[in-house]
Amino acid sequence: MSGEGDMREDDSVQAGEYVLGLMDAPSARAFEARLAAEPALRGLVAAWEDDFAALAADIPEDAPPHSVWHGITAELFDSGEKRSIWARIGLGQILVGAAAAALIAFAVMQAGLLSPGATPEYRAEVAAADQSLLFTAEFDNESGSLSLTRVAGQAAPGRSLEIWLIAGDEAPVSVMVWPSDTENEEIVLPAPIAAALPGGTFAISDEPEGGSPTGAPTGDVLATGQVVPI
């Protein structure tokens with residue numbers, strides 16, 4: 001087994017490349033074989049992970065450009081037929097959400113920030129195009145609990161906000177009618193809804209007070225958000 005005195009001059013560089021995922025597959029496999037036998041090399045990898053995690057912590061949050069929301073709004077809401085709104089929620093958001101989720105997951109894993117058993121596993125930002133209505137949702141797969149927070153906006157007088165889950169080509173399923181003036185709610189999802197949540201889309205509709213009388217959306221779509229893994 002190699003010790004501290006056996007470290008190569010370029011080991012620190014290689015450790016940084018490994019943490020960033022810059023090695024090709026054969027080089028990564030060879031490096032991982034060394035990691036199993038060399039504690040000092042594992043220490044270099046851990047040091048790089050700590051350094052990159054510290055850099056990521058200093059990156060400020062940045063809201064997406066207004067043009068992004070404008071494009072989503074045009075795609076979802078410019079149709080003259082109300083029911084087509086529900087049919088058209090999906091592909092564009094799924095592609096964008098999946099790409100963003102893949103990049104985020106890659107960065108988190110490479111930085112060593114994702115620990116086993118971390119919760120929640122899924123998140124969604126359910127927002128209107130102008131951010132006048134904004135909810136966040138986080139789902140803990142182990143407990144089946146969905147935590148919802150109303151960040152901005154509320155139901156119109158005499159109306160209710162109803163939250164729906166749309167999975168693939170399936171009809172929207174009601175998750176809950178949002179209680180008036182409530183900011184935070186936590187509910188346990190029924191197993192079929194929980195199973196359909198990954199990759200699904202949350203939508204919030206304007207409904208009569210107390211929720212849709214038909215079991216399906218009857219009002220305008222006010223906000224949507226793709227469910228992505230954390």
Practice problem: Could you tell me whether region 171-230 comes out rounded, prolate or oblate from its Cα gyration tensor? Rule is a ≥ b ≥ c as square roots of the eigenvalues, rounded for a/c under 1.5, then prolate if a/b exceeds b/c, otherwise oblate. | Solution: prolate
Quiz item: So how do 205-212, 153-160, 19-26 stack up, highest first, on mean other-Cβ count within 10 Å?
Solution: 205-212, 153-160, 19-26
Quiz item: Can you list the HN-Hα couplings for region 194-203, worked out from phi with the Karplus curve (6.51, -1.76, 1.60; θ = phi - 60°), rounded to whole Hz and with x for Gly and Pro?
Solution: 4, 5, 8, 5, x, x, x, 10, 7, 9
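Read-outs: derived from the displayed coordinates by stated rules, not from any lab. Remember, predicted model here, so these are calculated numbers, not experimental data. Glycine gets a Cβ as well: all are built from the backbone with ideal geometry, and neighbour counts include every protein chain shown.
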